[in-house]
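The values are calculated or read from the model by the stated rules, or taken from the named source; none is laboratory data. None of these values were measured; they are calculated from a predicted model. Heads up, the Cβs are rebuilt from the backbone with ideal geometry, glycines too, and the neighbour counts pull from every protein chain shown.
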Amino acid sequence: MTASIVRILLVGACLVAGGVPASAADPRGVNANSGTVGIVSGGVEGTYVRIAADLASVLDDGDTLRVLPMLGKGSVQNLKDVVLLKGIDVGIVQSDVLAYAKREKLLPNLDQRVKYITKLYNEEMHILAAPDVTRIEDLAGRKVNVDVQGSGTHMTASLIFDMLGIKVDPQGNDQALALEKLRRGEIAAMAYVAGKPTRLFRDLKAGDGLHFLSIPLSASLLDTYLPSRLTNADYEGLIKPGEQVDTVAVGAVMAVYGWERDLERHRKVARFVDAFFSKFDEFLKPPRHPKWKEVNLAADVPGWTRFEPAEQWLRQASAAAGPQSAAVRKEDFRAFVEQRGIQPQQADKLFEQFLVWQARSQQ
C-alpha cells in the first residue's frame, strides 16, 4: 500500500477516535470538522480501500469538503459502523449485506437507517466443485468451503444456499487452503465471491478435474442479485469455447446513513453526493482504479433505497439531458449489460424493471 493511502487512513482513524490536534483548527474560526465525511472501506490489500482513497484524492477541496477513508473489517461490520459509529457517514459494502443483516436481525429499522448513494462494480459468485459433483443440488449435506467467518463470501454463500434450499456442511478455511483441500478431495466444493477472472483460479486446467457449477436463477435470487455468467474468456483452462456457466453477481455499494433532512450531517453528506456526481468523470482517468469504469451511477440496487440527495441529483441530470426514445435507450441498455455477460433475454427483463423504477422515481 502506498504511503499516501496510509497517511489518509491514519488521519481518518484519528478523527473517529476524537483525536483532532489543535493545529487542525481553522485560523478563520470555522469548525475544521464541518466539511468532513468519514468513509469506512476494506482491508489494506482490497479494492475498497483503493476506491475510498480515490474519493479522497478527487473530492477533497481543502475548504467545504474533506473525505477521510478508514480501514474496515468486512461488509457486515462496515454496515454496523455506518449505523452506530460517530464520524462514519459512508461505508463501502456488498449489496447483499442488507438482506443478510435483516435476516439475522443484526440491527433494527435498517430500511430507515441505511440508504445508498450508488452502486459501484460487480463481483461474481464462483462455485468450484470436485469431479463427482455435477449440479449445485448435489452439494446438499456435503462439505463446502464458504471462507472465513465474517467475510463477504461467507455472507453471500449463506444467503444463496438458503435461497436455493440447499443445506451444505459449511467449512471456514481461507480460499488458498480451500483450493488445496478441494484438489485433495477433502471437500466437495468451494464458494468464492470475486471479480472475474480471479487470480486464484487463473492457472487451473481442465485436467485438474475441477469445474464450475451453474447457479439456477430464481425470483428470490433476482430480488438481491444480478444474473451473470462465466465464460472461456474468463477461465480458458476450465470452460470450453462457446460454453458458459450461469451465476449471479453481487455489487459493491456506497452505503450511507439515512440522516433526516434538517440535520447538518444530512447537508454535509449531500455536499459529498453533489461533488461525487459532478466530478465523476475524473474517476475514469488514470491513475484512478480501473473498476471505476464499471460504475453505472443510475443503476438500481435490489432491496435498497437511494439516499434522497443522490436520487434528486440523478433525476435533475436526466431531465437536463432531454427526451430520448425508448428504442434507443433499450439498445444502449442491452449493449451495456451484454458487455457484462448478461444474456439478451435477461437484459430485456432488467430493462423493463429499469423503466418501472425510472417512472416511479420521476413521480
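Anything in region 299-323 that is under 25 Å from LYS102 (Cβ atoms) and either surrounded by 15 or more Cβ atoms within 10 Å (Cβ to Cβ) or at pLDDT below 90 (or both)? List them, or say none.
Answer for region 299-323, where residues must be under 25 Å from LYS102 (Cβ atoms) and either surrounded by 15 or more Cβ atoms within 10 Å (Cβ to Cβ) or at pLDDT below 90 (or both): ALA299, ASP300, VAL301, PRO302, GLY303, TRP304, ARG306, PHE307, GLU308, PRO309, ALA310, GLU311.
Here is a yes/no grid of residues against (1) within 20 Å of PHE272 (Cα to Cα); (2) under 14 Å from the mean Cα position of the chain (by Cα):
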site: ASP81; (1), (2): yes, no
site: ILE92; (1), (2): yes, yes
site: SER95; (1), (2): no, yes
site: ALA99; (1), (2): no, yes
site: LYS102; (1), (2): no, no
site: LYS105; (1), (2): no, no
site: LYS115; (1), (2): yes, yes
site: LYS119; (1), (2): yes, yes
site: ASP132; (1), (2): no, no
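Residue-wise test of (1) touching a strand residue (DSSP E or B) at 6+ places or on another chain (Cβ under 7 Å); (2) closer than 23 Å to ASP223 by Cβ; (3) touching a residue at least 40 places away in the same chain (Cβ under 8 Å).
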site	(1), (2), (3)
VAL133	yes, no, yes
GLU137	no, yes, no
LYS143	yes, no, yes
VAL148	no, no, no
GLY152	yes, yes, yes
THR156	yes, yes, yes
PHE161	no, yes, no
LEU164	no, yes, yes
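Just the residues that are in contact with a strand residue (DSSP E or B) (Cβ under 8 Å, 6 or more places away or on another chain), β-branched (Val, Ile, Thr), in a helix (DSSP H, G or I) and over 28 Å from PRO108 (Cβ atoms), please, taken from region 48-83.
Passing the criteria: VAL49, ILE51.
Considering region 177-217 alone, what residues qualify as being surrounded by 14 or more Cβ atoms within 10 Å (Cβ to Cβ) and either small (Gly, Ala, Ser) or not assigned by TED's automatic domain parsing to the domain that holds LEU164 (or both)?
Once the filter is applied, which keeps residues that are surrounded by 14 or more Cβ atoms within 10 Å (Cβ to Cβ) and either small (Gly, Ala, Ser) or not assigned by TED's automatic domain parsing to the domain that holds LEU164 (or both), region 177-217 yields ALA178, ALA188, ALA189, ALA191, ALA194, GLY195, GLY209, SER214.
Could you tell me how many of the residues in region 32-89 are over 21 Å from PHE280 (Cα atoms), acidic (Asp, Glu) and modelled with pLDDT of 90 or more?
1
When residues of region 258-310 are filtered for being among the aromatic types (Phe, Trp, Tyr) and more than 18 Å from GLY38 (Cβ to Cβ), how many remain?
Taking region 258-310 as the starting set, the residues that turn out to be among the aromatic types (Phe, Trp, Tyr) are 259, 272, 276-277, 280, 283, 292, 304, 307.
Subsequent filtering for residues that are more than 18 Å from GLY38 (Cβ to Cβ) retains 277, 280, 283, 292, 304.
Number of matching residues: 5.
Report yes if some residue within region 261-281 is assigned to a loop (DSSP other than H, G, I, E, B), on the phi < 0 side of the Ramachandran plot and crowded, with 19+ Cβ neighbours inside 10 Å; otherwise report no.
No: region 261-281 contains no residue that is assigned to a loop (DSSP other than H, G, I, E, B), on the phi < 0 side of the Ramachandran plot and crowded, with 19+ Cβ neighbours inside 10 Å.
Name every residue in region 84-122 that is part of a helix (DSSP H, G or I) and surrounded by 15 or more Cβ atoms within 10 Å (Cβ to Cβ), in order of residue number.
Those that are part of a helix (DSSP H, G or I) and surrounded by 15 or more Cβ atoms within 10 Å (Cβ to Cβ): VAL97, LEU98, ALA99, TYR100, ALA101, LEU110, ARG113.
Of the residues ALA255, ALA249, which single one is surrounded by 15 or more Cβ atoms within 10 Å (Cβ to Cβ), modelled with pLDDT of 95 or more and not basic (Lys, Arg)?
ALA255
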